1. Kindly indicate the residue of the stretch 22-63 that is surrounded by 14 or more Cβ atoms within 10 Å (Cβ to Cβ) and charged (D, E, K, R) and also nearest to Pro74 (Cα to Cα) among those meeting that condition.
2. Just checking, how many residues over the stretch 9-55 are in a helix (DSSP H, G or I) and without any contact (Cβ under 8 Å) to a residue 40 or more places away in the chain?
3. Identify all residues within the stretch 18-39 that are out of contact with any Ser or Thr (no Cβ under 9 Å at 6 or more places or on another chain) and among the aliphatic types (A, V, I, L, M); write none if there are none.
4. Taking the condition of being touching a strand residue (DSSP E or B) at 6+ places or on another chain (Cβ under 9 Å) and at pLDDT below 90, how many residues in the stretch 29-64 meet it?
Amino acid sequence: MHPRTKAGAASALHRLTDKLGLSRSYVSASGEARGVSDDTLRALCGAMGFPAASDAQAKLALAKLDTHGTRLDPVFVVVLGSAVESPWRTEASEGDAFDWQITQESGAVSSGRGWLAAAFGAAAMLRLPLSGIPLGYHRLEVRCGNDVASTRLIVVP
């Protein structure tokens with residue numbers, strides 16, 4: 001159970017970490033359940049571009065997320081023949097279908113359909129095998145219902 005405010009609502013920081021897909025607990029190497037400190041969560045949010053040093057900043061960051069809608073990381077660097085695996089902050093849920101399109105640096109276009117996996121927080125896990133996508137700098141776009149996100153895709157040897 002995570003700390004709650006007096007009224008029982010999650011703090012702005014904890015709502016933000018949930019939206020960003022950050023876990024507030026983990027199991028240590030010795031098998032003990034441990035909580036992640038709020039200071040660590042604030043630092044992680046800040047490193048992801050969402051300052052949360054105060055409750056007011058966390059609320060602003062939440063508003064920024066709501067305004068900008070769905071998000072993927074700004075760039076994926078993947079090894080040739082591997083897969084993109086990333087949280088996608090979307091309204092979609094685990095098992096929902098998504099369409100993808102990769103525009104290669106040559107101008108060639110590849111597209112297909114996949115399914116979101118392992119939802120956590122306010123994010124679902126996007127898994128996209130990249131067999132047949134050559135080395136280079138490409139553009140990836142994903143769509144699920146009204147949610148659309150795009151990112152740079154760099155395929156390396």
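1. Top of the filtered list is Arg42.
2. Residues of the stretch 9-55 that are in a helix (DSSP H, G or I), as a first pass: 12-20, 38-47, 55.
Remaining after also requiring without any contact (Cβ under 8 Å) to a residue 40 or more places away in the chain: 14, 38-47.
Residues meeting the conditions: 11.
3. Listed by number, the residues that qualify are Leu20, Leu22, Val27, Ala29.
4. Of the residues in the stretch 29-64, the ones touching a strand residue (DSSP E or B) at 6+ places or on another chain (Cβ under 9 Å) are 33-36.
In the following step, the residues that additionally are at pLDDT below 90 were identified as none.
Adding up the residues that qualify gives 0.
The values are calculated or read from the model by the stated rules, or taken from the named source; none is laboratory data. What you are looking at is a predicted structure, and each value in this text was computed from that prediction instead of being measured. Note: ideal-geometry Cβ built from the backbone for every residue, glycine included; neighbour counts use all protein chains shown.
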